[in-house]
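J.: Right, I'll just put the structure down here and ask away after.
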Amino acid sequence: MDHTQKICVHVYLLGTTMDDVIQELWDNTEEIRKKGVGLLVKIVTNILTHPDNPRYRKIGLDKPQVVNTLMPTNGALACLFLIGFEEVSA
């Protein structure tokens, strides 16, 4: 994710509610929605299953699964930010 995309995500989140994000997720095509929501569920399930493991509390935005599944899914990154993920510099 380049600097411009990061700024767009942060601006987008101002005033965004989970209801907004769910609607945005729903508005994706069925194929994109299923893949994106499936990965979001996996991320959250891993955290709930392994709450003390810091490995599951970080997501590399340059990882192929994130680039190919979450990035194309409108609302997916916003969902991660709304549930508490934060952007950190490497």
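What follows draws every value from the coordinates through simple rules; no lab data is involved. Since the model is a prediction, treat every value here as computed from it, not as a measurement. Cβ placement follows ideal geometry from the backbone for every residue including glycine, while neighbour counts extend to all protein chains displayed.
J.: For residue 86 and residue 50, compute 0.36 nm times the residue count separating them, minus their Cα-Cα distance, and round to one decimal in nm.
T.: 11.1 nm
J.: Run the quick spin-label model on residue 17 and residue 71: label points 7 Å from Cα toward the beta carbon, then report their separation in nm to one decimal.
T.: Result: 3.2 nm between the two label points.
J.: Based on the mean of other Cβ atoms within 10 Å per residue, sort peptides 63-70, 37-44 so the most packed one is first.
T.: Those peptides, ordered most packed to least, come out 37-44, 63-70.
J.: If the reach is capped at under 16 angstrom between alpha carbons, list the aspartates and glutamates near residue 58, excluding any in the same chain fewer than eight residues apart.
T.: Those aspartates and glutamates meeting the cut-off are 86, 87.
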